[in-house]
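Here is the structure we will look at, set down as structure tokens.
The values are calculated or read from the model by the stated rules, or taken from the named source; none is laboratory data. The shown structure was predicted, so the numbers you read here are calculated from the model rather than taken from an experiment. FYI the Cβ positions are ideal-geometry reconstructions off the backbone, even for glycines, and counts take in every protein chain you see. Surface accessibility is based on the protein's heavy atoms, side chains included, excluding ligands, DNA and RNA. Shrake-Rupley method; radii C 1.70, N 1.55, O 1.52, S 1.80 Å.
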Amino acid sequence: MKKILLLTFLVLFMASKFIYAEENNDALVSDIEDKVVEITSNFNGSELFIFGSREMNDNITKGIKSGIIIEVIATAKTRKIRKKERKFGIWVNDDEKVLEGVPDFYYINSSDNIEELLSEDEINNNDIGIINHLAKNNNDVNPDFINALIRIKKRKNLYQFKEGELEFKNDILFSTKVTLPNNIGEGFYVIKTHLTDGTNVTSVDKQLLVVKKIGLGNFLFEMAHKTPLIYGIFSILVALFAGWAASETFRKLRG
């Protein structure tokens with residue numbers, strides 16, 4: 001039933017978008033099912049549904065390699081990467097590098113191998129691919145550190161690469177589901193959908209996803225970081241109350 005409702009919603013959305021696209025001569029439209037993901041204390045991950053359509057043109061009907069590339073890029077932050085070395089029989093932190101502009105989460109999907117959809121220069125000029133995102137702000141950093149960061153993020157399912165797995169329906173409609181793991185961070189996630197003609201990016205559509213913490217866990221987190229003194233007093237009061245409650249409970253149990 002849910003799949004039927006989603007398909008109906010997709011068809012209606014695309015119908016309205018086609019009218020709008022025809023009036024504005026726009027070759028690409030895309031959207032996401034949910035604009036906000038809320039992280040609670042029992043958050044077990046979520047799914048992001050991305051869908052859209054491309055305009056049918058002569059290149060597609062002639063069989064020219066045209067396609068879609070979708071990226072999901074989380075808020076960029078500064079991260080430290082430490083290299084471990086074995087010294088005197090134990091592993092210790094040796095060299096350390098600071099990487100700028102590191103997305104907490106990154107996802108990429110495409111209808112074909114990206115090298116078949118774009119020229120190398122166009123890939124670099126549009127910063128497509130996590131290597132380009134990271135290298136842009138870290139030209140002086142040894143590539144080994146960047147590759148190590150990617151391996152760590154990939155192992156935690158925070159970097160996902162689905163190149164060539166995006167499928168079309170009737171050569172026009174496309175959709176994909178992105179698995180958001182339970183360890184994702186807060187922030188703004190930009191969804192970039194690229195339309196390509198086999199060499200160049202011909203159109204880009206962007207959506208914004210907000211990932212935020214809610215509930216008691218977020219309240220305590222915000223208090224600890226913004227008002228640590230109040231958080232410390234609050235923690236002491238909670239501990240005293242818990243101790244008193246436990247004492248009273250044991251006293252009553254003893255009769």
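Collect the residues in the stretch 168-199 that are among the charged types (D, E, K, R) and over 20 Å from TYR106 (Cα atoms), keeping them in residue-number order. Even if it seems obvious, please write down each step before you answer.
Within the stretch 168-199, the subset among the charged types (D, E, K, R) is 169, 171, 177, 186, 192, 197.
Passing the criteria: LYS169, ASP171, ASP197.
Just to confirm my filter: which strands (runs of 3 or more DSSP E) fall fully inside the stretch 134-183 and include at least 3 residues that are under 25 Å from SER53 (Cα atoms) and among the aliphatic types (A, V, I, L, M)? Steps first, please.
On the way: elements: 159-162, 167-169, 173-180.
Filter on the stretch 134-183 gives 173-180.
Return the total of residues in the stretch 189-203 being hydroxyl-bearing (Ser, Thr, Tyr) and open to solvent by less than 10 Å² (accessible area, probe 1.4 Å).
3
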Failed item in (1) open to solvent by 20 Å² or more (accessible area, probe 1.4 Å); (2) in contact with a Phe, Trp or Tyr (Cβ under 9 Å, 6 or more places away or on another chain), with LEU180 passing the rest:
(1)
Considering every residue within the stretch 14-36, establish whether at least one is in a strand (DSSP E or B), of a type outside the set (A, V, I, L, M, F, W, C), more than 23 Å from LEU208 (Cα to Cα) and modelled with pLDDT under 85.
no
